[in-house]
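Worksheet: the structure to be examined is printed underneath.
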Amino acid sequence: MTKNAIISVYDKTDLDIITKFLIKKKFTIYSTGGTSDFLKRNNIPHIEISKYTKQKEILDGRVKTLHPKIFGGLLGTTSQKHQKELQSEKIVNFDMLIINLYPFEDTIKKTKNSDEIVEMIDIGGHSLIRAAIKNFTKTIPVVSPADYKEIIRKLPRSLTEKKKYAIKALQHITNYDIAINNWFQGITTEEYPLRYGENPQQKAVALINNKSFVQLGGEKKLSYNNLLDLDAAINIAYNSSSKENICTIIKHNIPCGGAIKKRQQDSYLKALAGDPISAFGGIIAFNQKLTLDTAKHIIKNFYEVVAAPNFEKEALKILQTKKNLRILKVKKFKNQTEQRSIFAGALIQDSNNKTSQIKSIYGKNQLSKDQLNFFVNILKYIKSNAIALFDKDSLISQSGGQTSRIDALQNCFYKLKLKHDYKKLKNLSLFSDAFFPFTDSLELVKKENLKVNIIAPMGSQNDQKIESFVKKNKINFFRLSDRHFKH
């Protein structure tokens, strides 16, 4: 029984091989103009679409397959009603669609000419694929020359086999649409080669928005782990909406230093003082143009990456003397969503951008809006259960990734005593990413005999007990408006 295949391809790789196979299998081939020229040169019998539809291609080829005789043949089912109507309209059934789209992504890599790029937005091809997907039980969409060998080895017959090609076709046009959408928004992504992933045995690649940063120094490219750490460092520095100077230091995707000061070099030195040992080999980010005075301090230590919105010329020259220091000029941004892969697919959520507020349960708030916003942004990037301890302008101890909140608190105090003369510390703020379920953590704070303001969300069944305890023991306690888990 004769079958019909419609072919419209930009990439003509192995087209002669697949068409000769289909003819052997008693397919009649219908093709568009450019594909028809190729088939003629290779003496492959076929019917031109324009002769079949009695409609020539118009508008410089912009309209060639958008015709009822094409889409009727793709969308008509095997039902008696549909078949009778197709016969009445002299429309053939199409059993296979072999197609690939205009090379939109390749074009935007080669040119910035908008007219050329717009012409590579495929209309008819995209519509043909969607029609074949809708009618996949009858019409098989083949969107890649890489699949020709598999088609030749075994023509799809079962529903499962046909669905496999429909899914691949759907993924193809989805990615195509994303590329077009990104171009219209000025977003272009490129594959950024990585030596390996988190570990040498893991292959990895990064898809980077090529307008997000420029590497101004450092002989090595960024690694997978560098990019993860940068994500935390940049988000903390850039999303803390303050005119003051902010410096953050990240190690192993955890904040180990952070400060907000009027002078940039002071913000760096204060951030470093929070945990100078952990800062070694870390990532530093600033929210304002990096100055010469700050650069002079930075080069005294070893860091993997330093990032900022811009650099003073003399600061850049000093930093570039360190061959292994990657220097990044990072464009300011605000992500609206974030995504993580899981065993079953992907998790997509709104970014945690909400500005949190505090309300006094006991005591008077002495934190400015800038301080609160910055401290909360650091807290957001410490793994749950998270405890972060700040003096008036910087992170001085933290503990995260603990399965018990009191363990996190004990570890935070241990690190504080190890690295600071904690008895001389004043105006301390202790942040928790979630509520205290019991009074045991508060009892530990009281036992340490520190003058500290506790800031934490509420939401426990024991909220009333917590409130009674802090009032009875005169512990300054402030309710944080939002929970900030980081898993």
query: Checking Gln339 against (1) assigned to a strand (DSSP E or B); (2) within 15 Å of Ser242 (Cα to Cα), which test does it fail?
result: (2)
message: Looking at (1) surrounded by fewer than 18 Cβ atoms within 10 Å (Cβ to Cβ); (2) over 16 Å from Asn135 (Cα atoms), which one does Asp122 not meet, given that it meets all the others?
response: (1)
task: Need at least 3 residues that are within 30 Å of Asn209 (Cα to Cα) per element, so show me which helices (runs of 4 or more DSSP H) inside segment 1-114 make the cut, counting only ones lying wholly within it.
output: 104-110
- prompt: In this structure, is Ala146 out of contact with any Lys or Arg (no Cβ under 8 Å at 6 or more places or on another chain) and touching a residue at least 24 places away in the same chain (Cβ under 8 Å)?
  reply: no
query: Of the conditions (1) closer than 25 Å to Ile382 by Cα; (2) touching a helix residue (DSSP H, G or I) at 6+ places or on another chain (Cβ under 6 Å), Ala169 fails just one. Which one is it?
result: (1)
query: Looking at Ile133, Ile121, Ile167, Ile91, which one is more than 16 Å from Ile7 (Cα to Cα), assigned by TED's automatic domain parsing to the domain that holds Ile47 and in contact with a Pro (Cβ under 9 Å, 6 or more places away or on another chain)?
result: Ile91
query: Within segment 283-334, how many residues are under 22 Å from Lys243 (Cα atoms), assigned to a loop (DSSP other than H, G, I, E, B) and hydrophobic (A, V, I, L, M, F, W, C)?
result: 1
message: Being buried (at least 17 other Cβ atoms within 10 Å of the Cβ) and modelled with pLDDT of 95 or more is true for just one of Ile466, Ile406, Ile455. Which residue is that?
response: Ile455
- request: Considering every residue within segment 352-373, establish whether at least one is aromatic (Phe, Trp, Tyr) and either exposed (fewer than 14 other Cβ atoms within 10 Å of the Cβ) or part of a loop (DSSP other than H, G, I, E, B) (or both).
  value: no
query: Within segment 374-392, which residues are over 30 Å from the mean Cα position of the chain (by Cα) and assigned to a loop (DSSP other than H, G, I, E, B)?
result: Asp391, Lys392
statement: Log entry, pairs with first residue in segment 415-428 being free of Cβ contacts under 8 Å to residues at least 40 places away in the same chain and farther than 21 Å from Ser278 by Cβ, second being of a type outside the set (Val, Ile, Thr) and not in a helix (DSSP H, G or I), beta carbons closer than 7 Å, six or more apart or on different chains, reads Lys426/Lys451
field: Boolean, Leu395 is hydrophobic (A, V, I, L, M, F, W, C) and not in a strand (DSSP E or B)
entry: no
- prompt: Can you tell which of Ile342, Ile298 is at pLDDT 90 or above and among the β-branched types (Val, Ile, Thr)?
  reply: Ile298
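The values are calculated or read from the model by the stated rules, or taken from the named source; none is laboratory data. The shown structure was predicted, so the numbers you read here are calculated from the model rather than taken from an experiment. Don't worry about glycine lacking a Cβ; one is built from the backbone with ideal geometry, like all the others, and counts go over all protein chains shown.
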